[in-house]
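This report concerns only the one structure given below.
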Amino acid sequence: MLLSLEPDILNIFRKISLFGALIPFSISLLRFRQIPRRFKLIIVFTLISTIGELTATVLVLLRTGNTLPGLHIYTLAEGVILLLFYSQLLLKKIRPAFFWITIVFFSLFTILNSIFLQSIFEINSNARTVEALLILGCAILFYFHLLESEETESIKRSLLWINNAIFLYFSVSLLFFISGSYVLTNYPMSVSKLIWDMHKVFHLIFQIILARGIWLLGKKAAF
């Protein structure tokens with residue numbers, strides 16, 4: 001059933017997802033002045049996502065070679081920015097020192113993994129898995145924090161959208177990277193391709209939900 005959708009629906013999502021990061025980034029630019037300063041790291045995240053996505057897309061279209069070295073760099077940047085973002089969201093719950101220590105260890109692990117364990121010319125599933133676990137932990141903690149947060153209802157609602165987007169994407173990514181090696185070695189290439197395309201679909205959904213949260217974050221009242 002899913003395989004029959006590949007030529008049409010999945011193909012459409014595949015093409016749109018090439019520029020999916022532009023959706024929240026464009027919203028970030030439109031709402032830049034209205035977004036509270038303490039939440040502006042999410043804008044930096046959308047900028048990094050856009051640069052990474054567009055760079056990979058251009059390299060693929062030009063067929064200039066392997067794009068995976070960029071993924072190694074992107075993983076490090078993405079993880080650090082999101083950890084810093086959550087350090088602001090959870091400021092009253094967790095000491096900043098904890099996040100800085102986590103960032104240092106995550107950065108070291110990601111760099112050493114690229115040097116000694118997984119070549120820059122292969123998917124850095126180890127680093128992506130660790131990143132997903134860290135970000136999911138932060139997202140779950142933030143759900144509890146929202147229950148006792150003193151932020152306005154509009155801010156809490158917008159941050160909930162953003163957190164939902166991050167939780168959804170990294171949950172799917174964690175499953176993808178954990179099962180990726182098994183699927184590649186035990187199933188036909190067509191199945192691996194389908195799973196990768198489904199990951200792109202979830203990535204596009206993530207970008208849309210994130211854009212909604214950022215749009216609401218820049219409004220005086222979120223609905």
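A short reminder: the numbers here are calculations on the coordinates, not readings from a lab. Just so we're clear, the structure is a prediction, and the values are computed from it rather than from any experiment. Using ideal geometry, Cβ is built from the backbone for each residue, glycine included, and neighbour counts are taken over all protein chains shown.
Worth a mention:
- Ala56 paired with Ser154, simple spin-label distance in nm, labels 7 Å along Cα-to-beta-carbon: 3.5 nm
- Karplus 3J(HN,Hα) series, Hz, for the stretch 50-59 with 6.51 cos²θ - 1.76 cosθ + 1.60 (x for Gly, Pro): 5, 4, x, 5, 5, 4, 5, 5, 5, 5
- Extension reserve of the Phe19-Trp196 stretch, reckoned as 0.36 nm per residue once the Cα distance is removed: 62.1 nm
- Near Leu160: Cβ cut-off under 12 Å, other residues only, Lys/Arg at +1 and Asp/Glu at -1. The net charge is +1.
- For Arg31, distant residues with modelled amide H under 5 Å away: none
- For trypsin sites (Lys or Arg not before Pro), the sites in the stretch 20-86 that DSSP calls loop and that have at most 11 other Cβ atoms within 10 Å are Arg33, Arg63.
- Relative protection proxy for 47-53, 138-144, 20-26, from highest mean packing down: 20-26, 47-53, 138-144 (other beta-carbon atoms within 10 angstrom).
- Sorted peptide list for 211-218, 197-204, criterion being average Cβ within 10 angstrom, highest first: 211-218, 197-204
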